[in-house]
Amino acid sequence: MREPRTFPVTVTTPVTRSAPLRQAVYDVLIELIVGGALQPGRHLVEAELAEDLGVSRQPVREALLRLQADGWVELRPAQGAFVHSPTVEEATQLLSVRAVLETHSARGAAQYATGPDITRLWELQAAGIAALSADDARGIVEANAALHGFITELARNRCFDHQAISAIPMFPPEWSVTGHQSASCAPVSC
């Protein structure tokens, strides 16, 4: 039996073409996954996504392939695409890799940060604390990404940019590592 569609409630406007269409679709789907609109284990029907996003099926297909490569989606033969449900082992491995990369990034940031940079770091930390205090899951994810992105930028390593870290999935704070929602689970991010 097919799961009822609840996806259109989250999408308020069709995808625009400011970026290549497959990139715009990819970005929207990542936002919906991180924001919790597309839960772990959720079946992603290509035709429905295309209709809801106001695009053809081709950019959706391309985005789903990239989402699979990046660890956000599972493509199952004869079943379709599903939002990935991380296992405990996978979450542990991802955290260990992120810890190594972010430690290297932080070391470089500490070496090169100026007074205004340090002020900005405090502002980004305050935004994260405010989101946490407000129990704003999306705000926590966004603040975390902004803080870590800025730290990586400060490291001044052209070979090691925020893309290297962000390619490793971070799971929304409301997800448990088994893919089921839990109000009490800790965020699976660094």
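Listing for the model above:
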| read-out | value |
| --- | --- |
| Debye intensity ratio in log₁₀ form over the Cα atoms of segment 42-163, taken at each q of 0.15, 0.20, 0.21, 0.22 Å⁻¹ | -0.92, -1.11, -1.14, -1.17 |
| Whole-percent pair-distance distribution, where bins are 10 Å wide, for the alpha carbons of segment 12-93 | 19, 53, 23, 5 |
| Exposure ranking of E74, E123 by accessible area [1.4 Å probe, largest first] | E123, E74 |
| For L44, residues with placed amide H under 5 Å, excluding near neighbours | A81, F82, V83 |
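The values are calculated or read from the model by the stated rules, or taken from the named source; none is laboratory data. Being a predicted model, the structure only gives us computed values, none of them experimental. In case anyone asks, the SASA skips ligands and DNA or RNA and just uses the protein heavy atoms, side chains included. Shrake-Rupley method; radii C 1.70, N 1.55, O 1.52, S 1.80 Å.
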